[in-house]
Amino acid sequence: MAFDAPHFSSRTAVVCRGAGKTWAAGTKRAHEALRDVDLDIAPGEFVVFLGPSGCGKSTLLYLIAGLEDATDGAIWSFGDKVETPSPQRSLIFQETSLFPWLTVWQNVSFGLAIRGASQAERRRVAAEALQRVGLKAAMDKRPDELSGGMRQRVAVARALAMRPKVLLMDEPFAALDVQTRARMQDFLLDVWRDSGASVLFVTHHIDEAVALADRVVVFTARPGRIKTIVPIDLPRPRNLFSREAEALRIQLTDLLRDEVDRAFAEQEAMTA
Amino acid sequence: MAVVERDVRPSDAAAGTSRPAARWFLSVGGIDWLTKAWWTCLSVGLFAGLWELLWAVGWADPQLLPPPHIFLSDFGEQGKFFNTATRWQVGQSMGEGPSAFESVMITVAATTMRVFVGLVIACVLAISVGVAVRYWHVIDKLVLPTVTLLSPVSPIAWLPVAIFLFGIGNAPAIFMVVVALFFHMVLATIAQIDSVSPNLINVARTMGASKHQIYGRVIVPAILPGMLQVLRMNLFGAWMVVLVAESTGVGYGMGQVIMLARNTFNPSLVFFTIAVVGVLGFGFDWLLRLAQRRILYWLPDTQEKLRGL
């Protein structure tokens, strides 16, 4: 298939055509994580990837980030083929990924230091980004002095400091407690609205998907494929206790249950 | 958290009103330091006490296992033996040359210098080679098999090689220290690099860092804590091997003293030298831990957590 002449606008934030990934391809241990993903994501759109564990949703995020190469198909972002990582697409991880030897502001301005920006410039941009996540007062602290939620906010500030057009988030709040998680979701929605960036958010929490997404992409169990895409047409700010929200949660639960059952059956077959 | 608790301890609060010198002493963790020193003394004291007890009841033969009060008592007599450089020169009488104290100090300085220089060279070489092995694939293929092959070779086997290559003097002793540490430290460096969190590397990659920048700004700082730990372990290795290395002609050196003590059947001198090596190694380790706390300011204190168990 020829993907060199894509039939889509260069204004589309992310375009996946037949994207697939086989780990350790060509060896005995080869296993297919992701198959035949077609997906278009608009600028400023909030898309949640939902699926059972190990369904390849994180793999897709890594492919879009350019950290891994797709073994099939191709991915474009704003008209450019994704081949390497780019500061335009910032990735935020589940576990804290702050550099423990740098202060908060040095962490946030790490990308600028890479580009050789002056100290004054870095401090100014870091202060601005930290202001947006409400942590300007913690500028000179070190990551180990912060709570888990604060550390993830710093990670978000670090991503924002690069002025990305696409924010890729790999279960960023999974390690947080329920109350902190709810606060962080509100916080993320604020940041998303301000930044105008597209957000691709991986989770296996249905509540989180309904709270955040414009569209929910539901994945099948291994190999990961897009099972269906569910639009969440609830007005923002969302009332998560409304009947509509409940109906969406039930719909997503049903969709997911089949896949979880299948994944379990597969695992049992493997161990039997 | 422990720091905060320490601040409100009544003894410290009382110190706030005393003389400035005392206040400064306590504020830099004087109490803590004193407690540590006290426990160190107690630990060594108990060991020595047990030995003395064995001697007192007649189980430890003073001719073979002289207890501390014997081998430490005649410093002047013991110190003379440390003059291993000029003692045997023709036309030199016993009264000439450096005094006992000077001899000990010269010997200690000579041995410490060899350990220190060897350690620095081994560290710089091993970290450079370890990083290069991961940085360039071809170096990995070319160098790693040989390094692994030479890793298990005992320093004793390198001793003749050191003499073939460098003759006698400082150079073979330093070579021995380097060769005894180098191969292990290369493997340790590689293991440290491999255990760097991929998240940290990926963050740098998404921000557009080059391979060079990823190594310089992420991998090297990330492996520092582990490397200092490796260095501390190898510090003791360096002290062990330097005595072996000094058994060849090096002029002044602790290894020479041990050889002399062995050849003249002088247990007191053996234990005296062991005591000196112990104190030196302890001092080096203390300095290194101090440096570790300065350099690795970001590491949490796990010791405190374990104490709560």
- prompt: Within segment B:35-62, which residues are modelled with pLDDT of 85 or more and either in contact with a Phe, Trp or Tyr (Cβ under 9 Å, 6 or more places away or on another chain) or not in a helix (DSSP H, G or I) (or both)?
  reply: B:T40, B:L53, B:V57, B:G58, B:W59, B:D61
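Which of the residues spanning segment A:136-146 are within 12 Å of another protein chain (Cβ to nearest Cβ) and free of Cβ contacts under 8 Å to residues at least 40 places away in the same chain?
Correct list: A:K141, A:E145.
Among the residues of segment A:77-93 satisfying the criterion of being polar (S, T, N, Q) and part of a loop (DSSP other than H, G, I, E, B), which is farthest from A:M139 (Cα to Cα)?
Of all residues in segment A:77-93, those polar (S, T, N, Q) come to A:77, A:84, A:86, A:88, A:90.
In the following step, the residues that additionally are part of a loop (DSSP other than H, G, I, E, B) were identified as A:84, A:86, A:88.
Working: A:T84: 31, A:S86: 26, A:Q88: 24 Å.
Only one residue tops the list, namely A:T84.
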task: Give the number of residues within segment A:94-112 that are within 22 Å of B:S210 (Cβ to Cβ), facing another protein chain (nearest Cβ under 8 Å) and either among the charged types (D, E, K, R) or in a helix (DSSP H, G or I) (or both).
output: 2
- request: Please go through segment B:230-276 and pick out each residue that is among the hydroxyl-bearing types (S, T, Y) and either at pLDDT below 85 or surrounded by 17 or more Cβ atoms within 10 Å (Cβ to Cβ) (or both).
  value: B:S247, B:T248, B:Y252, B:S268, B:T273
message: If I filter segment A:84-93 for residues that are of a type in the set (S, T, Y), more than 12 Å from every other protein chain (Cβ to nearest Cβ) and under 21 Å from B:A209 (Cβ atoms), do I get at least one hit?
response: no
task: Determine if segment A:253-263 includes at least one residue that is modelled with pLDDT of 90 or more, under 24 Å from A:L61 (Cβ atoms), of a type outside the set (A, V, I, L, M) and within 23 Å of the chain's Cα centre (by Cα).
output: yes
- request: Could you give me the residue pairs with C-beta distances under 6 Å whose first residue belongs to segment B:56-82 and is farther than 18 Å from B:R262 by Cα, whose second residue is assigned to a helix (DSSP H, G or I) wherever it lies, and which are 6+ apart or on separate chains?
  value: B:A60/B:L54; B:P68/B:A48; B:G76/B:A100
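Considering every residue within segment B:119-135, establish whether at least one is of a type in the set (A, V, I, L, M, F, W, C), under 30 Å from B:Q78 (Cβ atoms) and part of a helix (DSSP H, G or I).
Of the residues in segment B:119-135, the ones of a type in the set (A, V, I, L, M, F, W, C) are B:119-127, B:129, B:131-133.
Add one more test, that the residue is under 30 Å from B:Q78 (Cβ atoms), and what stays is B:119.
This time we only want the ones that are part of a helix (DSSP H, G or I), so: B:119.
Scanning segment B:119-135 turns up at least one residue that is of a type in the set (A, V, I, L, M, F, W, C), under 30 Å from B:Q78 (Cβ atoms) and part of a helix (DSSP H, G or I).
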query: Say we look at segment A:147-156 and pick out the residues that are within 13 Å of chain B (Cβ to nearest Cβ) and within 15 Å of the chain's Cα centre (by Cα); which of these is modelled with the highest pLDDT?
result: A:A155
Of the criteria (1) within 14 Å of chain B (Cβ to nearest Cβ); (2) among the basic types (K, R); (3) crowded, with 23+ Cβ neighbours inside 10 Å, which one A:K57 fails: (1)
field: Failed item in (1) of a type outside the set (A, V, I, L, M, F, W, C); (2) assigned by TED's automatic domain parsing to the domain that holds A:A197; (3) closer than 26 Å to B:G216 by Cβ, with A:P172 passing the rest
entry: (3)
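Give the residue, chosen from A:L67, A:L61, that is outside any strand (DSSP E or B), assigned by TED's automatic domain parsing to the domain that holds A:K21 and either in contact with a strand residue (DSSP E or B) (Cβ under 6 Å, 6 or more places away or on another chain) or not aliphatic (A, V, I, L, M) (or both).
Exactly one of A:L67, A:L61 is outside any strand (DSSP E or B), assigned by TED's automatic domain parsing to the domain that holds A:K21 and either in contact with a strand residue (DSSP E or B) (Cβ under 6 Å, 6 or more places away or on another chain) or not aliphatic (A, V, I, L, M) (or both), namely A:L61.
If you go through segment A:124-148, how many residues are under 18 Å from A:A159 (Cβ atoms) and assigned to a helix (DSSP H, G or I)?
Pass one, segment A:124-148, residues under 18 Å from A:A159 (Cβ atoms): A:124-136, A:138-139, A:143, A:146, A:148.
From what's left, assigned to a helix (DSSP H, G or I): A:124-132, A:136, A:138, A:143, A:148.
The number of residues fulfilling the criteria is 13.
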query: Hey, A:A175 hits all of (1) outside any loop (DSSP other than H, G, I, E, B); (2) more than 14 Å from A:E45 (Cα to Cα) but one; which does it fall short on?
result: (1)
field: Of residues in segment B:277-299 being surrounded by fewer than 16 Cβ atoms within 10 Å (Cβ to Cβ) and of a type in the set (G, A, S), the one nearest to the other protein chains (Cβ to nearest Cβ)
entry: B:A291
- prompt: Only one of A:A74, A:A5, A:A25, A:A33 is modelled with pLDDT under 90, outside any loop (DSSP other than H, G, I, E, B) and aliphatic (A, V, I, L, M); which?
  reply: A:A33
query: Under the condition of being within 12 Å of chain A (Cβ to nearest Cβ) and touching a residue at least 12 places away in the same chain (Cβ under 8 Å), which residue from segment B:177-202 is surrounded by the most Cβ atoms within 10 Å (Cβ to Cβ)?
result: B:L200
message: For segment A:60-83: of the residues being closer than 30 Å to A:S147 by Cα and touching a Phe, Trp or Tyr at 6+ places or on another chain (Cβ under 9 Å), which is farthest from the other protein chains (Cβ to nearest Cβ)?
response: A:L60
message: So for segment A:159-173 (the condition being in contact with a His (Cβ under 9 Å, 6 or more places away or on another chain) and buried (at least 23 other Cβ atoms within 10 Å of the Cβ)), does at least one residue qualify?
response: yes
message: Can you find a residue that is surrounded by 19 or more Cβ atoms within 10 Å (Cβ to Cβ), closer than 30 Å to A:E208 by Cα and either outside the structural domain of A:F173 (by TED's automatic domain parsing) or free of Cβ contacts under 8 Å to residues at least 60 places away in the same chain (or both) anywhere in segment A:41-52?
response: no
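Give me a count of the residues in segment A:216-246 that are outside any strand (DSSP E or B) and farther than 24 Å from A:L188 by Cβ. I'd like the intermediate steps shown before the answer.
First, the residues of segment A:216-246 that are outside any strand (DSSP E or B): A:220-223, A:225, A:232-246.
Still in the running and farther than 24 Å from A:L188 by Cβ: A:220-223, A:225, A:243.
Residues flagged as outside any strand (DSSP E or B) and farther than 24 Å from A:L188 by Cβ within segment A:216-246 amount to 6.
The values are calculated or read from the model by the stated rules, or taken from the named source; none is laboratory data. The shown structure was predicted, so the numbers you read here are calculated from the model rather than taken from an experiment. For neighbour counting, all protein chains shown are included, and Cβ atoms are generated from backbone atoms with ideal geometry for every residue, glycine included.
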